[in-house]
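Asks: Pasting a structure below so you can have a look.
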Amino acid sequence: MLGILLGSITFSITIALLATSAGLAITFPLALPFAWLLFTCVQAFGRFERSRLSALLDVDIADPHAPLPEGSWFKRLMARIKSASRWRELAYFLLALPVGAVQFAVATAVWSGSLALVALPLYVNSLPGDTAEFGLFDVGSGPGALALCAVGLVGIVFIAPWVTLAIADIDAALGRALIGPSQERRLAGEVRRVEARRVSAVDSAETERRRIERDLHDGAQQRLVALAMDLGMARERFADDPEHAQRLVAEAHEEAKAALVELRDLVRGFNPAILQDRGLDAALSAVVARCPIPVRLDVDVSPRPAATVESTAYFVVAEALTNVAKHANATEARVSIARRGDRLAIDVTDNGTGGADPSRGTGLNGLSERVHALGGWMQVLSPAGGPTSVLVELPCAS
């Protein structure tokens, strides 16, 4: 419905400036200000139109224009004139009015016609001759009007919505073709994104390796060394000082338990066998059972996603719950995981004090790197006073 209104405004301004610039081309200096104004207005229209398509049709279209070169305004104007993307954008707004008019007419006809047929039994007796004329046939009150009422219902329920969606698809396709990046720029952008994900994945793996090395050296390794020393001294004292030997064995036992705890914490980012065998629901149930605060778990991931997606989802939830237990001062938490089409959505929410900040080293930054390395999306909502929600989406097309 907005297409014809906005199209008439943008078309009028664009065609007026284009005609003026072309008409003054013979006097080149006089045409330059109008040409500059033409491309400036078209660029502003394009930015607004991409925003409108995103808001109303959920179609995200990137800015197709390369940065303008440094230098004088004339040099920048020449760069605009030589830019194919700006001429495609201009063509879009020359087509906006006729395309918008056709779309408005078709949409109005199918919706108004369907509504008119539905209401026909109510007003047919008020028409001249108590008859509705349809060119090839006339319909009066009775079975004919009721039959057309049924046709109108079909139009409202099926035909008009389908036509509306088809018109929206045409708008989206036209926008992608004329005010979006060219195929070459889209491919180049995708290559850059893949490269960024690869670098992020390598950095994340290296960070994880350093964490494991540091934790092993500073934690479990030191405890195991102390355990070996205590057991060695206990063996030497069994004969002449059994009481001291028993104390050393007791200390060694405590060291062994502490080392097991540290090793369990160390491998929390590794994939447990239960994840590979029974999937996310069973693996996360074990994580939730070990959490010191009550956690409600809802998992709906049918069909089962790829192993890399499951691994990332498991790590996200495990690390998020570890952060909740350590930093949130929460009394309860909720974990929701659902697959919808080719996206896996994760929501970990607690009722703690909030204020979570990935830059403060609570593990959220590492989670973000893992998620983005897989091509996913992550956001942390944690106002002061709580609650905190970690929201993640992962691609899981199979």
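Asks: Can you give the accessible area per residue of the chain, in Å², using a 1.4 Å probe?
Replies: 57
Asks: Out of the chymotrypsin sites (Phe, Trp or Tyr not before Pro) in segment 88-172, which ones are loop residues according to DSSP with at most 15 other C-beta atoms within 10 Å?
Replies: PHE134, PHE137
Asks: Using the C-alpha atoms of segment 1-132, what convex hull volume per residue, in cubic angstrom, is computed?
Replies: Residue-normalised Cα hull volume stands at 130 Å³.
Asks: Among 312-319, 226-233, 347-354, how do they line up by average Cβ neighbours within 10 Å per residue, starting with the highest?
Replies: Going by the mean number of other Cβ atoms within 10 Å, highest first, we get 312-319, 347-354, 226-233.
Asks: Where does the chain land at 222 nm, in deg cm²/dmol rounded to the nearest 500, when only DSSP H runs of n ≥ 4 count, each adding -39500 (n - 2.57), divided by all residues?
Replies: It lands at -21000 deg cm²/dmol.
Asks: Right, something else. Roughly how many whole Å is it from the C-alpha centroid of segment 2-70 to that of segment 76-134?
Replies: Computed from Cα coordinates, the inter-centre distance equals 22 Å.
Asks: Please work out whether segment 1-77 counts as rounded, prolate or oblate from its C-alpha gyration tensor, where a ≥ b ≥ c are the square roots of the eigenvalues and a/c under 1.5 means rounded, while otherwise a/b larger than b/c means prolate and anything else oblate?
Replies: Oblate, since a/c reaches 1.5 and b/c is not below a/b.
Asks: When N is the residue count of the chain, what does its C-alpha Rg come to as a fraction of 2.2 N^0.38 Å?
Replies: Here the answer is 1.57, to two decimals.
Asks: Further question: Please give, to one decimal in nm, the separation of the simple spin-label points placed at ASP357 and GLU243, each 7 Å out from Cα toward the Cβ.
Replies: 5.5
Asks: Could you list log10 I(q)/I(0) for segment 132-181 at q = 0.14, 0.19, 0.31 Å⁻¹, which the Debye formula gives when each Cα is one point scatterer?
Replies: At q = 0.14, 0.19, 0.31 Å⁻¹ the computed log10 ratios are -0.56, -0.72, -1.02.
Asks: Then there is this: With contacts defined as alpha carbon pairs under 8 Å and 6 or more residues apart, what's the relative contact order of the chain in percent?
Replies: RCO, the chain: 11 percent.
The values are calculated or read from the model by the stated rules, or taken from the named source; none is laboratory data. Bear in mind the structure is a predicted one, so any value in this text is a computation, not a measurement. No Cβ is skipped: glycine too gets one built from the backbone with ideal geometry, and neighbour counts run over all protein chains shown. Note: areas computed on protein heavy atoms with side chains; ligands, DNA, RNA excluded. Shrake-Rupley method; radii C 1.70, N 1.55, O 1.52, S 1.80 Å.
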